[in-house]
Structure formats: structure tokens, C-alpha cells
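Note sheet for the following structure.
The values are calculated or read from the model by the stated rules, or taken from the named source; none is laboratory data. From a predicted model like this one, the values you see are computed outputs, not experimental measurements. No Cβ is skipped: glycine too gets one built from the backbone with ideal geometry, and neighbour counts run over all protein chains shown.
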Protein chains: 2
Amino acid sequence: MRHAIATVSLSGTLPEKLEAVAAAGFDGVEIFENDLLYFDGSPRDVRRIVADLGMEVSLFQPFRDFEGCRRDRLQQNLDRAERKFDLMGELGTDRILVCSSVSPDVIRDDEVLIEDLARLAERAARRGIVIGYEALAWGRYVNSYRHAWKLVKAVDHPNLGVLLDSFHTLSIDDDLSLIQAIPAEKIAFVQLADAPRMAMDVLEWSRHHRCFPGQGDFDLAGFVAPIMATGYQGWLSLEVFNDGFRAAPTGRTAADGLRSLLYLEEKTGQRLAASARATFTRPPQAATEALFQPPAVSAYDGIEFLEFAVDGAAAARLGEWFRQLGFRVAGTHRSKDVTLFRHGAINLILNAEPDSFAREHFAAHGPSLCALALRVDDAERAAERARQFRYELFAGRVGPNERRIPAVRAPDGSLVYLVDQQPNAASIYESDFELRADAGDAAPALLTRIDYVALGIAVEELDNWIMFFRSSFGFDTGAPLTLPDPYGLVRSRAVRSTDGSVHVPLMTSTDRDTAVSRLLRTYRGSGLQRIVLATDDIFAAVRAARDNGVAILDIPRNYYDDLDARYALEPGFLARMAEANVLYDRDESGGEFLHAYTALCEERFFFELTERRGGYTQHGAVNAAVRMAALVQARRRAVAGPD
Amino acid sequence: MRHAIATVSLSGTLPEKLEAVAAAGFDGVEIFENDLLYFDGSPRDVRRIVADLGMEVSLFQPFRDFEGCRRDRLQQNLDRAERKFDLMGELGTDRILVCSSVSPDVIRDDEVLIEDLARLAERAARRGIVIGYEALAWGRYVNSYRHAWKLVKAVDHPNLGVLLDSFHTLSIDDDLSLIQAIPAEKIAFVQLADAPRMAMDVLEWSRHHRCFPGQGDFDLAGFVAPIMATGYQGWLSLEVFNDGFRAAPTGRTAADGLRSLLYLEEKTGQRLAASARATFTRPPQAATEALFQPPAVSAYDGIEFLEFAVDGAAAARLGEWFRQLGFRVAGTHRSKDVTLFRHGAINLILNAEPDSFAREHFAAHGPSLCALALRVDDAERAAERARQFRYELFAGRVGPNERRIPAVRAPDGSLVYLVDQQPNAASIYESDFELRADAGDAAPALLTRIDYVALGIAVEELDNWIMFFRSSFGFDTGAPLTLPDPYGLVRSRAVRSTDGSVHVPLMTSTDRDTAVSRLLRTYRGSGLQRIVLATDDIFAAVRAARDNGVAILDIPRNYYDDLDARYALEPGFLARMAEANVLYDRDESGGEFLHAYTALCEERFFFELTERRGGYTQHGAVNAAVRMAALVQARRRAVAGPD
């Protein structure tokens, strides 16, 4: 399909927007009138810039409050249209969006509207222009695509079609079943935007909270599938009014916009394939072929390893933390200054290799997580999928007989490695490391696996990260959480594989002094917030960690009094939790979650130890506020010194 | 009245909150349970801290989902209550908030609820505790104060009263007429919060958007007046859930909280006085006497002068701008390094005096507006009003025979001078300045007055500034505006005297690279955004300024093409505007606004020249986006150098 985006979706001056749109790989651009109005060149200059960038002006918009106006204003409105047609000639576009009137005195009479639209179409025809008539969800009289199509059908003019916009249709939960009855040639244009479900005024919702397909809650594929079933082969164009996008770096937003359309095409193709016979009257063969079809999403099996960028000093400090948590050195890399720590089946890697991606990461962020590795069924396929979603693949230096592990660059330059276990092949550790003879741990492992990791994300990057995990890895997005820190709010949104084996909360905060804001400043960007390690015996794990010198975060006694009031827990159990600073949650079906936090490591991230009982699948978010307050109090005590 | 605030209204740890509440002058504090839960001391520690600060714990809250619960949970709920009563004993408070159940399986039967509440009141009585029963606006069954009062009345127990909360009542536009029928002794507690009117889910609205009385759109005085008419003499307590307050400096927020209660008391007193006979059945004499009654709001007459903090070099640069705009030196201060510039009736002052408040302001912010002077009917009364609202008065050094001008410190440390013209007395200029013989301008003045000034305000200070103008000066607040900058959004909210003679838009932005964000960084805080000067002939004023070397901001030609399409203006007039870079707006009754902007002065603020025709009273906000885009383009050109 041909991809476009409206200039209003991006930040910057008009030339900045156009360059970013072209660089992202779009074929066309909708010129939003205000962007032209503020531009200090002529419409012909815009036409030239767009052509030089190898694109087309797909649409000019909007033209408002035309049809059904007061009769004494009709001539003025037609004159206004002619002026805009002149402008379109200079811009070099043949398509204009006319949106349904919001005027309080619009004439509520289909016959009048049909006459007005026919007159406008006639004038457009003389200039070779096609009108796309769009029903605004808040249109005063016409406010559904069904009504717009009824009028367009009645006018029956080749220069008038409907413009279908996902926001205006899905925000009002409109009936989509009539879409496929519209002949493809009567669909003048298709505009796409997603949005989170919000209980608010639809105009405010539309103006500030739209987002790219896949970033919100709408069923965009359910909207596009019937359009494709009509045989439509025109533009798919993003029109997103979003306060964040207005301020975000133009290039990143544009790149994600294109990805969102590719992602939507994939989903639409799946929808068409799944429901072709049941739902659609015409076979959508040609439509499906026109859609983007990337390699299938991987099957996942948790996190294979975590890799930290360090220098020599940081390696010593982090290594000491790992040792205190029960890890020991399992091997050293054959050709690089890289150390493997292992506890049971958990692998942690310290990368101090000079002249490597890790060293670059260290230079930018200090001691930090520079890579996480996902276990997948087919690493090459997983990487190819990411590449087709236009993410950069990474290939580091590979020594003789070492294995090349496919990797994808995340939005902050860190890596996501993709690891599969090839039949009868050596493991990546066997290929790349000199493993110690005693690498297999003799003692039973107290910690069983990496439960998950959470990342602190700079607010202007959050959408980029969500798009990264959703499109290239096919992850789902959880509901947004708001967590109270003593100095403001922390917002968390998790991405996760559909099987739940990989779960990554993305945490952000715009308030100056929250724990997450401090973290972002310390890293000078996004970075690891916590590593969560699962155990089958939280009390033993906490005791072992403490005995080895790990500082466990102190939890206020009042917390346990309240737990008691809420759950009437067995006194011995409660006392044990209080003694070990273990927090508690219980889900509706009686599943229990016991967890403890360490103090801050490197003034940045921390470890969390978790025990899940009886099928508890959540993450103890209810206790995040206790943790953040305890962290502040620990800091205060550290500043004040010993009592 | 006795004033309290809930700890949840403020940021910080519990001890930080308590100290700020006491410093602000509150008599009591509501302990919100989570704050206690996160605190690493005991409830007795809290009691001691509160007592040491000279306050009381006015309330413990909340206790949820008690009444009408599933019968097999009633005993557990009563036990839970006993545990909280224990806690209250340690905290040293006798009052608890019980909010109406939100449980989906609440029993919808008043008889059951009455029985449950009676049982709870009986247990509370044994401990000397009073229950305040509050109807949440989203309560599953009980969701209005009227229903809560019906139940409380039926229980008829001295240890049970209603807790009236302005948000829960005003958010649902509830009928207030039954309030005054409640006996004062049955009102256990009064909680107050304002909120902006928002078309959104009431729970979300309540949790994130409440604000202090006077900061939102609710008629709080209309809520408190009937409460006072009952003879209620208990607590007036703020309970505000606000995302901004959660992150703002604790002390400033608490101070504004107390001011908001004083302000509300003043408004309530006026309401009672105005409507005593018409509305209230009992004479509210005692009630009115208990309320705060500050000196009356001033009568205003525009801006008398603007004063800038400068050093020698900045004085030369700014002086040159003033001269180019048609000002000339009218005098020098008798005892300080201060220069008066004048054009017609407009006075601008450059203050380069070492060891002065202006020098402090210069040190903190660079060349900047350090004072604005308002013309009032009685300067001493105006200052006394500000003092009673707990703002700091300022008294600078006064030389012999010079006049002491009362001044109030604004939230950023700048001053608002209050100037009256005392009969038969010298003007402040005659008292304090050596005026030049030719100080009265011979040529007719092209610029007639200071139309208004706009300030760029750091986002975390915006509420403080609004409170400052509303309470101490009795200003109104205009509707919030959102203005699109090429790199994000600028939000503007104007404060203005009720007669409209003083109008001050407060502009803020949280996006990194908007014009206002750049301004805030340049000033390292809040500061002047523009000075708007009125003229009766915009074309002559622009010509004169240009002839004197003032750079007028270039406006894109496309803007004029669009103006033409919108208004079909007379071609000669349009061409004249385009030539002079004059922008245009027209109001609904045909009033016209012509205005032009200068380039940036000191890379900070700029001047705007305005001509109002036919009674136009707005401020051309529709053209702000054009200005901000033009500013970016001018910057780009400046960086790129001449073509």
C-alpha cells in the first residue's frame, strides 16, 4: 500500500517535517493547512521540496463548515473553496479533505447537503480535484461515515468520495459492517489513528490523545480489513493529534509512524485471512497481497542472559554484588574482556571490552544494562522480522569458532540479542566462553530464573520503546499503571510476550525528584530499573543474601500492621515477613506473592527477589509505593548518618 | 475557623509534609492512611511530631467498604475498624472518615446500612471516636450527601455525623439546598477541594485534577455558605488529589493551601451577607464573624510602570531598545542608579542600583523585569490585604523626601508595587526622580499605554502565581488556552482585574524546545514574555519603530493569503498589513485587532504593538501560533546567516 502521514502528526517546521517523513520511508504527505500558513516559503516551494524528496502531496486538509451553511454564505464558501483549489494547484495535489460542518446553524436537510456537495464536486471536477468528504465524530448533523456515504452516494459524482477516518468511526463505536458495501472508487482517502480508550469529551480526546496504530486500544485491523475487502488500493495515511508527538524528536516519531502502518498491515492481513469466508463478500486475495507480511512472531522462552556495560572498576563492584547474591564466575570470554556469572540457570555477563558497543554504552550511560537476550525458536527469523520493521541489526566482532548471535538495536542503542538452541550445537556459552570446570553449580540454586526486568524510560522515548517491542517482537502492551512516589508520579506500562514468558515494565516519570526521574538523570537516558529474580523460598533467599552482605530495603512496621488488618495473616508468618522485610500481595483467587528489594546498586538499579505461590501472575504493583517511600527514607538516613 | 489539610494533598515524606503544614499556619492535619503506612516511625511518633509543631491530628482517613458488606464479612470489617481505632488512639485523633462503599456486592437496603452504621457508631462511642460518613460521588449505592444524611439521621447516634466534601457534591451538581437543614452537631467534618470543569470520568477527575479553592471552576462559597448557616464551627479541611501538587515543593503548596481557605472564607462571608435574607433560614451572624475578612480588593487603573533589573551593559542595550521604540530618558533617580524612560503616559524604569532587590534579581535571572506597578485606589490598603494573605511585603531603602511605595513579593521574588495618586501630593516620579525639563513629550505620543504584559512561568510555579493574583489582588482567572508552538504546546492562563484594566497572561510549557521553555531556561525561572503597547495607529507605530531600527518579526505571506480567503479583506488594506507584518483578528461583533511583534530583545522577551478597533477586547491568541513559528524561522535564518 502507499503510505502517507499528515504534517500535523509531527513536531517542527514544515521543511523539518517533510525531511523526516521522507527519511522514514513514506510515499506521501498530507499538508495540514496551518503548517503551510506558518511556512515562510510559497506553496510551490513545498511542492518542489516534496518532489525532491521523492514523495507526493497526498492530500490537502482541512476545508471546514462548507455544506449546509447559511444560504447567504454559500457563495462566499464556494469562493473560499476556489482559493484553496488554486493553492492545491501550486502544491501539486488533487485531493482535499472536506469535513462535515460543526456550525450550530448547519441546515439539517440531506437534500440541501447533497446539492451543496454536488456543486462543490462540479467545481472540483473543472480543476481535476477529488473531494474526500469526512464525517467528524462531533459533526453537528453529519457525524458518521454511514451518513457521509449516504450523501456521497446520492451525489454520485466521480470527483466526490468518502474519506474514512478510523478515529471518527471507532471513537463512537460505529457499526463497521457497511464499509465493505462502499465501492473502492468511492473511497477517496483513508486516514488512520489509534487512541487509548478514555472516558472524556470526544473532541478533546481527538485533539490531544490520538496515537499511531498499535499504540492505543482501537481495533484498527477491524477497521482496515473491510476497506481492503472493497478492493481499495489508495493511500493509508496517518493523522495523529498527540501532545507528546508535537514535542518529540521529528525523525523518531516519523519512523515509528511508518512502522505502525506496517504493523497494522500485518494484523489486517491476518484478520482478512482468518475471517475471509465468514465476513467478507468478496475474496480479499488482491488486498491481502498488497499488505506487508513480515516473518512470523517468535515463540519465546524467557530471558537467556543480561549483559552489563562496565569498566574495570565497575566490573569489580557489580561482580561483588553478583557474588553476594550467590552468583559465581562461570567463565571468561575467549576473545574479549567479558565475564560470565552464573547462579543455577541464570546468566549475568559483565562486558568490559574496550572498543565495543558495550564501551560506547558505558561512555554514554556509565555502568548499565547494555543488552538483554531473549530465548526464541528461530533467532535468524526473529532478526529478519525486526529488520523488516526497519530496526537496525547489530553485528559485533566475532572471534574464530565463536557464535554470531543476531541482535537488534533498541531505541537507546542497547541491544536485544536473540538466542535459539540449535539441535546438537554447542550453547552460546560453550562456543564463546572458556567455562570453568566447576561451572555447573554443586549447591542447589536458591534463585531459579530471571522473573523479569524493568526499565526506566525517558518520557520522550516511551512510545518508541513500546513500538519497538510490539512491532519487531510482536509483544502485547499491558494497561498503564500510575504509582505514587513521595515526590510525584511514576507511570509504568509493561510489554510482554503473548505467552507471558518475557515481561518488561517500562517506567517513566516527568516529575523532578521521583526515583525514576533520578534514575534517568543518573543514566543520562533510559536504563535498567530492576532485575527481578525468582526463588521458591523467599525467606531462605533473603537470609542467604543478607548473610553474604546484601542490604535488603527496610520496610516500615506500619506496613505490616496494615497487612494484618487487611488479611488477618497468621501471626508467625507476619512476623517472619516483617523480620525479613518481605512484602506481600494476594490475588483474587488466593495466589500469593512474597517479595523483597535490595538497596540501590550503583545508585541506580536494584534487585528484587520474588516467590510466587498458588499461581499468582501479577507483579506486586500495589507495593511499589511502599518501596519508593522506603527508598527515600533510606536515602535520608544515609545522608543523616547513623543515629 | 480551624484550618486543616490532608497529608495526601502534598508531596514528600510524612515528616516533610507535617513541617510544611505547620509552617503554612494550619491548625490541624488529616493523616491519610498511606502516608502513615509508608512512614518509618510509629503512630505515636506522628502524634508527637504534630503536637511539637503546635497542631492537632484533625482526622484519620479513609476507612472503606464497611457498610452493607456481605454479611459473612461484617465481623471481619468490625475487627478491621477496631484495629484502626487502636491506631487512632496512638495518633491522638478522635475523628475518622468512613466513605460510602464502592463494592459491587454492597447491599442496597437502607435498613441494613443504618444497622451497620449504628453498630460502628456504638463501637466508636466506646473509644470516644466520632465517625464522619462521606458519600463518594462514585459510591455504589450511597453517592450523595443527601443519602448519607438520611442514613446518619436515621441512626441518630452522637458518635456518627456526615462528612461533607465539596468535590463529591459539586462534581455531580447536587442540590445544595438541604445542607442548611442538617444540625451543625451532625456535621462531623468538612473537606474542601475545587476542580476545573472537565468532561471525564468522575473518579479519574477526582484522583488527579482536584485543586485548592479558587483554582478551579466550582462555586465553593456556595457550598460553604449553607454549612456556615447551620452554625458549624468545626474544621475546614483541604483534601486535594492533584498530580502537580504531588511533585511540587511542599512548602509552597501548603502555604497556598492556607491562602485558599482564607480566600474562600472571604468569598463565603460575602455570599452570606448578600443572600442572608433571601436564602438562609437562620441569621448567619456568628458564622460570618468566624470568617476571615481582609481589606477590600482595590479598584485598579492599569499598569503604572515596569521596572527592569539590569547592570550597566544591559542598561545600555535595553535603553537603546526603548529609544528605538520612541521612549526617551525623562529623569534619573535622586539617590539610586535608576533611570526613567517615558513615551507619552508610559513609564519604563531601568534599575542598575547595586546592593538592591533589583541587583539580586539580576544576579538570579539576568536582565529581567523585576517589578511591575499597579495603579490602585489605596496603596496601603492593597498592601495590607496582601499581607493578611501571608505574602511578604517589601520595603526598599528610601532616600530623604522620597516616597515609600508599598510593594508585595511575587512568587519568583520580583515585586508588585502599589501606586495611588494622593490628592495634592507629588507623583512618585516627582518625589523620587530628578525629572528633565523636557520630560513632558512635545510630539504627540504614538503609543498610548501599556496594554498588558505577559509572563513566562515555570510550570511548577503556575498555581502559586494564580493564587498570588487571585487572593492578594482579587483578580479573576481566564479560561486556559493551549497554543501550538512548532516544538510542542504552550499553555496560557490570564489573570485580570475584574474591570479588565490589568491583564496578565501567564504562559508555561513543559515541552523541551518551545519558545516559552527556552525563555524559562534563559531566565533560570519565570520572567517577562512580552510587553504589549497600545497605539491608535498601528501602521504609523510600526513605521516609526522600523525607521528607528526596530526589527519587526517577519510574517509568512501564506498567512495573508489565508486571511484573505477567510475575511475577503479590502486588497489595499491586506497589502498594507502584509507589508508592515501586521497580524489581524476580528471578533464576533466586528471588532478588529491589528498587531505586530518585534524580534527578541536580549534573546528573551519582545514587544507587541496593538491597535484595537470597534471595541475588540481579546488578545489575538489565534495568531500566537503564527508568531511562534515565525520566531523559529527567524532563529533558523539567523543561524544560517544571510541568504
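Quick notes on this structure:
- Which listed residue, of B:Asp174, B:Asp165, is under 23 Å from the mean Cα position of the chain (by Cα), in the same structural domain as B:Tyr133 (by TED's automatic domain parsing) and within 15 Å of B:Gly139 (Cα to Cα): B:Asp165
- Note on the stretch A:83-104: residues that are over 15 Å from A:Ser42 (Cα atoms), within 14 Å of chain B (Cβ to nearest Cβ) and either assigned to a loop (DSSP other than H, G, I, E, B) or at pLDDT below 95 (or both) total 2.
- Some residue of the stretch B:317-340 being under 32 Å from the mean Cα position of the chain (by Cα), on the phi > 0 side of the Ramachandran plot and at pLDDT 95 or above: no
- Residue check for B:Ser471: among the hydroxyl-bearing types (Ser, Thr, Tyr) and either away from chain A (no Cβ under 14 Å) or over 17 Å from the mean Cα position of the chain (by Cα) (or both): yes
- Counted residues, the stretch A:180-205 - those being within 22 Å of B:Met198 (Cα to Cα), of a type outside the set (A, V, I, L, M) and buried (at least 21 other Cβ atoms within 10 Å of the Cβ): 1
- Counting residues in the stretch B:345-364 that are under 23 Å from the mean Cα position of the chain (by Cα) and in contact (Cβ under 8 Å) with a residue 40 or more places away in the chain gives one or more.
- Note on the stretch B:22-71: residues that are part of a helix (DSSP H, G or I) and within 14 Å of chain A (Cβ to nearest Cβ) amount to 11.
- Selection of the stretch B:541-562 for residues being within 9 Å of another protein chain (Cβ to nearest Cβ) and not hydroxyl-bearing (Ser, Thr, Tyr) yields B:Asp554, B:Ile555, B:Pro556, B:Arg557, B:Asn558, B:Asp561, B:Asp562.
Yes/no per residue for (1) surrounded by 12 or more Cβ atoms within 10 Å (Cβ to Cβ); (2) under 25 Å from A:Phe607 (Cα atoms); (3) at pLDDT below 80:
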{"site": "A:Ala395", "(1), (2), (3)": "no, no, no"}
{"site": "A:Arg403", "(1), (2), (3)": "yes, no, no"}
{"site": "A:Pro411", "(1), (2), (3)": "yes, yes, no"}
{"site": "A:Ser414", "(1), (2), (3)": "yes, yes, no"}
{"site": "A:Leu455", "(1), (2), (3)": "yes, yes, no"}
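- Subset of the stretch B:220-255 that is in contact with a Gly (Cβ under 7 Å, 6 or more places away or on another chain) and not in a strand (DSSP E or B) - its residue that is nearest to the other protein chains (Cβ to nearest Cβ): B:Ala247
- Residue match in the stretch B:432-439 (condition: in a helix (DSSP H, G or I), crowded, with 21+ Cβ neighbours inside 10 Å and touching a residue at least 12 places away in the same chain (Cβ under 8 Å)): yes
- Answer residue from the stretch B:204-219, given it is at the interface with chain A (Cβ under 9 Å from one of its Cβ atoms) and of a type outside the set (Lys, Arg) and is farthest from the chain's Cα centre (by Cα) among those: B:Glu204
- Some residue of the stretch A:495-508 being modelled with pLDDT under 95 and closer than 21 Å to A:Asp412 by Cα: no
- Inside the stretch B:179-200, residues that are within 15 Å of B:Gly161 (Cβ to Cβ) and either among the acidic types (Asp, Glu) or not in a strand (DSSP E or B) (or both) make up a count of 7.
- Just one of (1) in contact with a helix residue (DSSP H, G or I) (Cβ under 8 Å, 6 or more places away or on another chain); (2) surrounded by 22 or more Cβ atoms within 10 Å (Cβ to Cβ); (3) among the aliphatic types (A, V, I, L, M) fails for B:Ala6. It is (1).
- B:Ser11 touching a strand residue (DSSP E or B) at 6+ places or on another chain (Cβ under 8 Å), under 30 Å from B:Leu264 (Cα atoms) and within 10 Å of chain A (Cβ to nearest Cβ): yes
- Residue in the stretch A:468-475 that is outside any loop (DSSP other than H, G, I, E, B), out of contact with any helix residue (DSSP H, G or I) (no Cβ under 9 Å at 6 or more places or on another chain) and buried (at least 16 other Cβ atoms within 10 Å of the Cβ) present: yes
Listed here are the residues, each with its yes/no results for (1) touching a Pro at 6+ places or on another chain (Cβ under 6 Å); (2) hydrophobic (A, V, I, L, M, F, W, C); (3) within 27 Å of A:Pro480 (Cα to Cα); (4) in contact (Cβ under 8 Å) with a residue 60 or more places away in the chain.
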{"site": "A:Ala515", "(1), (2), (3), (4)": "no, yes, yes, yes"}
{"site": "A:Thr522", "(1), (2), (3), (4)": "no, no, yes, yes"}
{"site": "A:Gly527", "(1), (2), (3), (4)": "no, no, yes, yes"}
{"site": "A:Leu533", "(1), (2), (3), (4)": "no, yes, yes, yes"}
{"site": "A:Ile538", "(1), (2), (3), (4)": "no, yes, no, yes"}
{"site": "A:Val542", "(1), (2), (3), (4)": "no, yes, no, yes"}
{"site": "A:Tyr567", "(1), (2), (3), (4)": "no, no, yes, no"}
{"site": "A:Leu574", "(1), (2), (3), (4)": "no, yes, no, no"}
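- Tally, over the stretch A:482-540, of residues that are within 14 Å of chain B (Cβ to nearest Cβ), part of a strand (DSSP E or B) and either crowded, with 21+ Cβ neighbours inside 10 Å or under 21 Å from the mean Cα position of the chain (by Cα) (or both): 8
- Checked against (1) out of contact with any helix residue (DSSP H, G or I) (no Cβ under 8 Å at 6 or more places or on another chain); (2) modelled with pLDDT under 95; (3) not assigned by TED's automatic domain parsing to the domain that holds A:Ala364, A:Ala273 passes all but a single condition, namely (1).
- Of the strands (runs of 3 or more DSSP E) contained entirely in the stretch A:292-398, those carrying at least 1 residues that are touching a Cys at 6+ places or on another chain (Cβ under 6 Å) fall at A:300-309.
- Residue that is nearest to the other protein chains (Cβ to nearest Cβ), among those in the stretch A:563-603 that are closer than 24 Å to A:Gln324 by Cβ and part of a loop (DSSP other than H, G, I, E, B): A:Asn581
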